[in-house]
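Reviewing the structure listed below.
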Amino acid sequence: MANSNEASAGTLVEDWSGDKETFRVHWGKAMMWIFLLSDTFIFTSFLTSYMHVRMSTAEPWPNASEVFALTMFGQSIPLILIAIMTFVLITSSGTMALAVNYGYRRDRKKTATLLVITALLGATFVGMQAFEWSKLIAEGVRPWGNPMGAAQFGSCFFMITGFHGGHVTGGVIYLAYVATGVINGRYEEKGYDIVEICGLYWHFVDLVWVFIFAFFYLW
């Protein structure tokens, strides 16, 4: 019995270390789904807490159209930066889908190019978010208060957008790593499943932003 258990354990270890499909899907894909499920709970908790705070605060909540407005050509345009950020991130989701498509076709050049484009769009999003943060900080918004209304606004804003921005930054690094591997031919033998796994993460990040955009900026 002991020898049988040891043999089973050895086989399991060999399967995982040998990059075999233990769950009838690529093990990396299964682990990514588990990670995204846990991350879904975290973002759901953040957004639920935000809604509770927003509805229970006694002080006036800052008007998003005014707080996130930019002055362009002498006119104050509400949510223009947020709209551009959303467009950039949704566009990156499209280029990521194309990268997965060409990855399964084993077209190294197009796959790598689309991954790099996706990473650049993600970096652009992070850059615009950094500008948004610096603008609000310059206007006096802090995690512990702000001059525009309810003190909880600052903590909710920096926590939710910061956590999401961290995910996007991590995604950009991940995309750059995978793109480098594609260029160097690292996945020619193992296959391009890594590109789809990367795509799962990136689409999740994009989807979460849609909810943040709806709950935080449009409400």
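Where a number appears in this text, it was derived from the coordinates with a stated rule and is not lab data. Because the structure is predicted, anything quoted here is derived from the model rather than measured. All Cβ positions, glycine included, derive from the backbone under ideal geometry; neighbour counts span all protein chains shown.
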What distance in nm separates the simple spin-label points at residue 214 and residue 91, each placed 7 Å from Cα in the Cβ direction? 2.4
How charged is the neighbourhood of residue 98? Take every other residue with its Cβ under 12 Å from the Cβ of residue 98, and add Lys/Arg as +1 and Asp/Glu as -1. +1
In percent, what relative contact order does the chain have, based on Cα pairs under 8 Å that are 6 or more apart in sequence? 25
Place a label point 7 angstrom from the Cα of residue 151 along the Cα-to-Cβ direction, then list the residues of the stretch 34-71 whose backbone nitrogen is under 18 Å away. 50, 53-62
Taking amide hydrogens as modeled 1.01 Å from N in the peptide plane, which residues meet the under 5 Å criterion relative to residue 68, leaving out close sequence neighbours? 79
Cα-Cα P(r), the stretch 67-119, percent of pairs per 10 Å interval: 25, 31, 19, 17, 7, 0
Label model pair residue 104, residue 54: point-to-point distance (7 angstrom along the Cα→beta-carbon line) in nm is 3.7
Anything in the chain that counts as a DSSP H helix reaching 24 Å or more along its axis (C-alpha) with Kyte-Doolittle mean of at least -1.0? List them, would you? 27-56, 80-104, 108-138, 152-183, 193-212
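Keeping to pairs on different chains or 8 or more places apart, tell me how many lysine pairs in the chain have Cα atoms under 23 Å apart.
So the count works out to 6.
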Among 156, 69, 95, the residue whose Cα sits farthest towards the positive end of the charge dipole of the stretch 26-217 (+1 at Cβ of Lys and Arg, -1 at Cβ of Asp and Glu, taken about the Cα centre) is 95
Point-charge dipole on Cβ atoms (K/R +1, D/E -1) for the chain, about Cα centre, debye to 20: 420
After finding the eigenvalues of the alpha carbon gyration tensor for the stretch 26-217, what semi-axes result from the square roots of 5 times each, listed largest first in whole Å? 35, 19, 12
